[in-house]
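What follows is a set of notes on a single structure, which appears directly below.
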Amino acid sequence: MKRFLREHSYTLLLVGILIVTIVILSIASPYFLSWKNCRNILNQSAIYLVLSVGMTFVICMGEIDLSVGAIIGFSGMIMGMLCVAGVPSLLAVLLGLMVASAIGFTNGFLVSYCKINSFIVTLAMMTILRGVILVWTNAKPIYGFSDIFTFLGSGKIGPVNVPIVLSLLIAAVGAVILHKTVLGNYCLFCGTNELAANRAGINVRKYKIMIFTICGLCAGIAGLIVTARLNSAEPLAGQGYEMDAIAATILGGTSMQGGKGNVLGTVIACLILNILKNGLVLLSISSHYQEVLTGAILIVAVFISESNKRKRSEV
Amino acid sequence: MQEAYIRAENLYKDFGHVQALRGASVFAYEGEVLAIVGDNGAGKSTLIKIISGVLTPDRGEIHIGNEVFSSLSTRKAIEAGVSTVYQDLALGNTMDVTSNLFLGNELSRFGFLRKKEMKAEAEKLLESLDIRIPDVTQPVGNLSGGQRQGVAVARLVNQGGKVFIFDEPTAAMGINETNAVLTLIRRLADEGYVVIVISHNMPQVFNISDRICVMRHGQVIKELRTEDTSMDEVVSMITGAAGI
Ligand SMILES: Nc1ncnc2c1ncn2[C@@H]1O[C@H](COP(=O)(O)OP(=O)(O)O)[C@@H](O)[C@H]1O
Ligand SMILES: [Mg+2]
């Protein structure tokens, strides 16, 4: 029990914040807790959730991926172009996801083999992808997809939207991989002491590439959801989403230094941020305040989690 | 007498114009603690770096068990069971004791960690080495220096390590920590492992070692059984006052 509290104190704090936020908003707006609005929140969160799960892996490894927003746009464009060219929808999706993974793989390769800082690699990748999108599409959206394709973005399985199911599934798989598998263990270990992992005979480069590939794949899935939902591949789709994903990951308790993090925290943080966004809309407060609020929450959260660490290291 | 498990013979190593080793030879046996002593710059670290594959000698041979090497890499050395215990370089502070212990040798099925079995094995291993860590699920960063040293050693034992080298293991440690590390070192030798310790601390050397190897100017000038010598004698050899 004591260990449970020690390991999960921060996550419990997040749960507390989540509950308090929900209580306040449900008092402020009677519409807030309606099933329709809850579903709406989860549906909005889905994209960020998928993106943040991938980001959690990368940050746990002590790296960063700024290209995920651009991968959303790029993979969406690939899927859109293929669909419009008459490629069967599911094949187009598969190819789009493969391209997204390949971009992640390239990021990982450049970081691990060419030893370029991941901030630089993924910043450059972001710029390149955005440039290519604009060149290929002439900055015009591609639209008009099959029903099968749009089903993945706006369809429903029973009462819930497909993206909700998809994102929760990915979060569950991500949690299992990070906390229960050798891959997750190495991801965290490389984040905390890469040299030690190397000396212990672990192929650090291989695992770095795998983690960046996973992150790319997650961004591709987010790209699928965005494109299918809008029934349109927008050149600027996903712009700035990398910041939301990083914010959710850090707020979720993943350490920027690497070596520490958990998917559940990321999921809760994602919900908190999206609930706030939704609540401010319901209360007709300008969405600009939401950005101010997100920034402020992030600083407070990191301060709390870091001060826990300071306390422990002083003992 | 049994044959030496490690025989490093006639090693030479230059760094530019500095001759760090000039025909140094050293033997280490299973079940004993060998202390290497010598003044600063005598070549102690260089010698053990060669034995553990971090440096390659300009000349000389290293016998480990039945194998002969003219040069080693760290990987080859680890495969031969030789490793230097560097607690801070070896451990992941945010990871728990079990993950650190099994790093690179995880028990898994289809890529899934068998955490329960690893935890049980870790507890068993630590107990067999008399390393006291009450909770193996806590991060290694929360442990004391002595416990961390213990985790680093336990991993090497688990990897099939045979020879453990400690370079100034208790430098910057408090009394309790130091005692824990010395107990561990003694314990390893009693379990039949080969243990080599570099130390400047004479009482410590006399407390834990079975044999002492004195280095001076890149050579091993004397090997002694600890019980046959005294601190004064060893110190006079280190400083050169003994005239060897
Ligand atoms: N990497 C190096 N480059 C240049 N000189 C070195 C290097 N390592 C050791 N030396 C020199 O070799 C000699 C022996 O060093 P070392 O083996 O570290 O001695 P000890 O550990 O006994 O104090 C010293 O004179 C030292 O300055
Ligand atoms: Mg030295």
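Per 10 Å bin, what percent of the C-alpha pairs of the range A:175-315 does each bin hold, from zero upward?
The percentages, shortest bin first, are 10, 31, 34, 19, 5, 1.
Quick one: Cα convex hull volume of chain B, Å³ per residue?
Working: hull volume 33.2 nm³, N = 244.
Considering the Cα atoms of chain B, their hull volume per residue is 136 Å³.
Which whole number gives the average, over all residues in B:91-102, of C-beta atoms from other chains lying within 10 Å of the residue C-beta?
That average works out to 5.
Go through the range A:208-215 residue by residue and turn each phi into a ³J(HN,Hα) via Karplus (6.51, -1.76, 1.60, θ = phi - 60°); whole Hz please, and just put x for glycine and proline.
My calculation for the range A:208-215 gives 4, 4, 4, 5, 5, 5, 4, 5 Hz in order.
From the square roots a ≥ b ≥ c of the eigenvalues of the alpha-carbon gyration tensor of the range B:52-139, which class results: rounded (a/c under 1.5), prolate (a/b over b/c), or oblate? Let's see the in-between values first.
Details: a/c = 2.45, a/b = 2.19, b/c = 1.12.
Prolate.
Are there chymotrypsin sites (Phe, Trp or Tyr not before Pro) in the range A:1-38 that DSSP puts in a loop and that have at most 16 other Cβ atoms within 10 Å, and which ones?
Those that pass, being in a loop and sparsely packed, are A:Y31.
Which lysines does A:K180 reach when only Cα atoms under 20 Å apart count, and residues fewer than 8 places away in its own chain are ignored?
In chain and number order, the partners are A:K206, A:K208, A:K260, B:K115, B:K116, B:K119.
Give me the distance between the Cα centres of the range B:1-75 and the range B:86-139, rounded to whole Å.
31
With the dipole of the range B:92-161 worked out from charges on the C-beta (+1 for Lys and Arg, -1 for Asp and Glu) around the Cα centre, which of B:P134, B:G111, B:V97 lies farthest toward the positive end?
B:G111
Is the range A:1-118 rounded, prolate or oblate when judged by the Cα gyration tensor, a ≥ b ≥ c being the square roots of its eigenvalues, rounded requiring a/c under 1.5 and prolate requiring a/b larger than b/c?
oblate
Please list the radius of gyration and Dmax for the range B:126-244, considering alpha-carbon atoms only, with Å as the unit.
When restricted to the Cα atoms of the range B:126-244, Rg and Dmax are 16.0, 54 Å.
Which distance in Å, rounded to a whole number, links the C-alpha centroids of the range A:96-131 and the range A:1-76?
Using only Cα atoms, the two centres lie 25 Å from each other.
Can you work out the FRET efficiency for the pair A:V292 and B:V68, with r the C-beta to C-beta distance and R0 = 56 Å, to the nearest 0.05?
0.20
Based on the Cβ-Cβ distance from A:K140 to A:V87, what FRET efficiency comes out when R0 is 30 Å, to the nearest 0.05?
0.95
Across the residues of B:131-139, average count of Cβ atoms on other protein chains within 10 Å?
Per residue, the average neighbour count from other chains is 2.
What's the whole-number percent of alpha carbon pairs in the protein assembly as shown lying beyond 38 angstrom?
Every Cα pair in the protein assembly as shown considered, those over 38 Å come to 43 percent.
Please arrange B:R22, B:R225, B:R109 by counting, for each residue, the other beta carbons lying within 10 Å of its beta carbon, fewest first.
Arranged by neighbour count, lowest to highest, B:R22, B:R225, B:R109 become B:R109, B:R225, B:R22.
Scan around B:G38 for amide H atoms under 5 Å from its own, H built in the peptide plane at 1.01 Å from N, and keep only partners 5 or more places away or cross-chain.
Residues meeting the amide H criterion: B:M215.
Quickly work out the A:Q44-to-A:I19 label distance, labels modelled 7 Å from Cα along the C-beta direction, and quote it in nm with one decimal.
2.4
Starting from 0.36 nm per residue, how many nanometres of slack lie between B:R225 and B:A4 once their C-alpha separation is accounted for? Mind showing how you got there, number by number?
Values: separation 221, 0.36 × 221 = 79.56 nm, distance 1.46 nm.
Gain in length upon complete extension: 78.1 nm.
Can you give me the Cα centroid spacing of the range A:173-187 and the range A:229-300 in angstrom?
The two parts, judged by their Cα centres, are 23 Å apart.
Would you pull out the residues with amide H under 5 Å of B:H63's amide H, same chain only if 5 or more places away, H placed 1.01 Å from N?
B:R7, B:A8, B:E9, B:F69
Grab the other residues whose beta carbon is less than 12 angstrom from that of A:A237, score K and R as +1, D and E as -1, and report the net.
+1
Here are some pairs, B:K44/B:K222; B:K49/B:K162; A:K36/A:K156; B:K13/B:K49; B:K13/B:K162; which of them have Cα atoms lying more than 22 Å apart in this structure?
B:K13/B:K162
Given a 10 angstrom Cα cut-off, can you work out which residue in B:G160, B:G111, B:G41 is the most mobile in a GNM of chain B?
Greatest mean-square fluctuation among the candidates belongs to B:G111.
Can you work out the FRET efficiency for the pair A:K156 and B:E168, with r the C-beta to C-beta distance and R0 = 60 Å, to the nearest 0.05?
Working: r = 67 Å, r/R0 = 1.11.
Once the sixth-power term is evaluated, E becomes 0.35.
What list of ³J(HN,Hα) couplings, whole Hz, do you get for the range A:150-161 from phi and the Karplus terms 6.51, -1.76, 1.60, once you set θ to phi - 60° and write x for glycine and proline?
Here the 3J(HN,Hα) series is 5, 4, 5, x, 10, x, 10, 10, x, x, 10, 6 Hz.
Using alpha carbon coordinates only, what is the Rg to Rh ratio of the range B:92-161, with Rh defined as the Kirkwood radius?
0.94
Per residue of A:190-196, what is the mean number of Cβ atoms on other protein chains within 10 angstrom of that residue's Cβ? If you can, show how the numbers build up before the last one.
Working: counts 1, 3, 10, 11, 1, 4, 13.
Averaged over the peptide's residues, the number is 6.
GNM, chain A, Cα, under 10 Å: largest mean-square fluctuation among A:S118, A:S146, A:S154?
A:S146
Rg (Å, one decimal) plus Dmax (Å, integer) for the alpha carbons of the range A:37-309?
Taking only Cα atoms of the range A:37-309, I get Rg and Dmax of 18.1, 56 Å.
Where nothing but the Cβ of Lys and Arg (+1) and of Asp and Glu (-1) is charged, how large is the charge dipole of chain B around its Cα centre, in debye to the nearest 20?
I would put it at about 600 debye.
Taking square-rooted eigenvalues a ≥ b ≥ c of the alpha carbon gyration tensor, is the range B:170-214 rounded, prolate or oblate, where a/c under 1.5 means rounded and, failing that, a/b exceeding b/c means prolate? Mind showing how you got there, number by number?
Values: a/c = 2.12, a/b = 1.19, b/c = 1.78.
Since a/c reaches 1.5 but b/c is at least a/b, the shape of the range B:170-214 is classed as oblate.
Compare B:N66, B:N100, B:N176 in a GNM of chain B, Cα atoms joined below 10 Å, and give the one with the largest fluctuation.
B:N66
Out of A:A245, A:C60, A:V87, whose Cα points farthest toward the positive end of the dipole of the range A:37-309 (charges: +1 Lys, Arg; -1 Asp, Glu; placed on Cβ)?
A:C60
Give me the percent relative contact order of the range A:158-315, please, defined on Cα pairs under 8 angstrom at least 6 residues apart. Walk me through the intermediate numbers first.
Numbers: 102 pairs, mean separation 32.0, N = 158.
So the answer I get is 20 percent.
For a quick check: sort A:Y289, B:Y193 by the number of other beta carbons within 10 angstrom, fewest at the front.
Ascending Cβ contact count within 10 Å gives the list A:Y289, B:Y193.
Each reported figure results from applying straightforward, stated rules to the coordinates on display, with no laboratory input. None of the values given here were measured: they were computed from a predicted structure. Ideal geometry is used to build each Cβ from the backbone, glycine not excepted, and the neighbour counts take in all protein chains shown.
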